[in-house]
1. Any residue that is within 39 Å of the chain's Cα centre (by Cα) and under 28 Å from LEU653 (Cα atoms) - is there at least one of those in the stretch 373-382?
2. I need the strands (runs of 3 or more DSSP E) fully contained in the stretch 562-639, keeping only those with at least 2 residues that are among the polar types (S, T, N, Q).
3. Which is hydroxyl-bearing (Ser, Thr, Tyr) and within 30 Å of ASN600 (Cβ to Cβ), of THR540, THR466?
4. Out of the stretch 218-234, which residues are under 22 Å from ILE69 (Cβ atoms) and among the small types (Gly, Ala, Ser)?
5. Out of the stretch 143-159, which residues are open to solvent by less than 60 Å² (accessible area, probe 1.4 Å) and without any contact (Cβ under 8 Å) to a residue 40 or more places away in the chain?
6. Could you run through the stretch 89-102 and say how many residues are surrounded by 18 or more Cβ atoms within 10 Å (Cβ to Cβ) and touching a Pro at 6+ places or on another chain (Cβ under 7 Å)?
7. Restricting the first residue to the stretch 414-431 and requiring it to be closer than 14 Å to LEU657 by Cβ and open to solvent by less than 90 Å² (accessible area, probe 1.4 Å), which pairs with a second residue that is part of a helix (DSSP H, G or I) and of a type in the set (D, E, K, R) meet a Cβ separation below 8 Å and a spacing of at least six or different chains?
8. Pick from the stretch 383-394 the residues that are surrounded by 13 or more Cβ atoms within 10 Å (Cβ to Cβ) and assigned to a loop (DSSP other than H, G, I, E, B): which of them is modelled with the highest pLDDT?
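The values are calculated or read from the model by the stated rules, or taken from the named source; none is laboratory data. Keep in mind the model is a prediction, meaning the values are calculated, not measured. Cβ atoms come from the backbone with ideal geometry, glycine included; neighbour counts cover every protein chain shown. Heavy atoms of the whole protein, side chains included, go into the accessibility calculation; ligands, DNA and RNA do not. Shrake-Rupley method; radii C 1.70, N 1.55, O 1.52, S 1.80 Å.
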Amino acid sequence: MKKSALLWLILVICLIILAGWLFSRSKLNTSVLSLLPQANSTTIPNELIDGFQNRLDKQLVWLIKPAQIDNVAPVQWWYNALKEQSFIQEVNGSIDSQFQKDWAQSAYQYRYQLVDPITLHRIESDSQLSWILSQLYSPFSGLTTNELVHDPLLITRSTQLNQLSQKSHLTVKHNWLTAEDEHNNTWYMIYAELKGSSFDMNQSQHIVEQLNTLADSLQRQWSDTEIIKRGVLFYSHAASTQAKQDITTIGSLSILGIIALIILIFRSIRPILLTLLSITIGIVCGAVAVLAIFGEIHIITLVMSTSIIGIAIDYALHYLTERLLYGNQESPWQSLNKLISTLVIALITSLLAYLILLFTPFPGLKQLATFAIFGLIGAFLTVACWYPFLVQRLPTRRNIAEPFFAKWLALWQTRSMQFSMTLLALLFISLGLSQLKIDDDVGQLQALPTDLYHQEQKMIEITKQTNDQKWFIVYGQTAEQALQRLEAFLPFLNQAKENGLMDDYQTINLPSQQQQRSNIASIKQHAPVVIEGLQRLGITPSEQLLTMTDDNLMSPTQWLASPLSQGRKLLWLSLENEQSAILIPISNIQNITELKKLTNTSQGVQWLDRRQDFNDMFTSYRQHLSQLLAIAITVICLSFIYRNWKYGIRIALKSTLPTLLSVGASLAILGLTHQSLNLFSMLALILVIGIGIDYTLFLSNAKSQTTGALLAVSMAALTTLLSFGLLVLSHTHAIVGFGLVLTGGIFTAFLFAPIGQPPNQIKKISSTSKKYNN
């Protein structure tokens, strides 16, 4: 034993050193999406989907409403303030004269290559001259002879007018991008891109605080100015702040409750120090394992991992309770020998429960399972290797609440108690199950803070730009292939728009090289008709039109660098291996079923609805897990029946009740508290089964006294409930549901643990009960 204790000491020292090294090189992840598995329902390379998502996550948008519509001073101040921030990559929203000049220059330089389809159709149908004449003789067109000489086909003007005629809720006013609300108030839009990730907790807090300081400063200078914001950064920061509060609240209350319970029972500080020792070493083991395997630890993992305190402490409590009651009758090694087999079984059942989580596809749950498995092993080894040396001269007390426990156990051996409690449990379960609802919506994982939610809704109402992330994505092995596929797909998309399947869509304004050559060839073919018409009017075009060639095509790189891509850059992505994709956001979908069928019309087109993909995946895994749980419950019940069959069929069947009722009560409490059943509820059920079995096992340990075992089990259940029960204080819906299932299930498993006792334990109960009755 001394060798084992020394070996474990050396290992713990190494783990502590390793933990310090790993923490300094690891990061804390706060992204809810990173808790989810990769949705792989499409054939699009994940690098493209992740690339689009990462760029969208970095976007920040503000709408500013000055007190006077024409007073753009606060808008300009906010724009300049953002440009001075080191964490901002790019700021947009200003359409000043220089930008307009640059845009016009680029549009003119590539007017033939990028001619829009409407203008091209007029040219090919020889009706462009009529349109030019309408512009020439219109008193409001502002057409000059100089413009007509240098761009006789008026392609630049025509393309610009066609783009402006497209339905949009955003316009340019006072050289700024603006939108109007339902009361005709003008809101100025400024949007920016972060340099780093929105989920980097180290910088997100600083960035949000700095932006809040700037917003306060703006409103001090222009008190009636209103500003609203939207961006993943703000949601991520709110989530991490809530998680920190959860860790502080849940962890502190859990530890304080456990300390108070131990002091109440042991009336000594040493058991507290010993339990803290095993818990601390367990946490070190869990953290080292997670950081070594995953290279990071998620904030939700930290919150949920506080709950394993309630399990890790069980091993210490069972041993310390044995020493408290019988320390003056047996040596520390005899106490350990008496409990070791049951402790090992309890450890194995808990590990098996967490092992199932390890094989789920959810990175967050894999981290939790890893943390728990190594944490529980660390806590168990601390108790088994060190406690016999550390509990010397530990104070002992006898008959702690023994009369109450004896009567409680005796009461559970009466048929009336067993029947009435089982009937009440069944009624409770029936009532709860009748109100239970299933909801696999991934949005239920985390609620948006009220203030941010209202700002988001207001921004959607003003700009009509939703954030529901429903897109078509067109991809190809090369940029040229992606653009050609887009051109093949757009007619079907336009037809869908005309048929009312959706209101509108967005895409890039860059034709493929093939289309650019075709545009030039078509213009060269039909331009003479226009030129001759103009010459009859005495207008002589410049020589450039007559000598235009296709050796100056615009590439995606040039397009991204030009002002022409302003506001559309996010819709294009190209990887180093030349794989490229175009994102097509769809707004106001009226018939999603028919719209999704468009993916069959062209090559390289996929429908992407990440939220629905995750919802479908949640449903699939919940159903799959339900089947696994049904098999596990059946195996456990058959094992209990086989183990107790020698005592008769009644005891054998009754031994299954704690497991069955705990599962039923877990589901029922969800229904009664109006929480929906989802995948995370099913995962919590796994732990209910793994932990709940321990109570029945410890109470039926033939080597222990039943009242002493019940005291230890009661303390173990209370500490577990203090840990899992406090999860309902979390601000995250998924964690609240997780805590409710575990609390309801573990309490029921503890309550019904005495119901299936074998005859040898019943004799002990009767003997103890008679002693106090007499």
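1. no
2. 580-589
3. Of THR540, THR466, the one residue that is hydroxyl-bearing (Ser, Thr, Tyr) and within 30 Å of ASN600 (Cβ to Cβ) is THR466.
4. Scanning the stretch 218-234 gives a single hit, SER223.
5. LEU143, GLU147, LEU154, ARG157
6. Total meeting the criteria: 0.
7. Close Cβ pairs satisfying both conditions: GLN418/LYS654.
8. For the stretch 383-394, the residue satisfying everything is VAL391.
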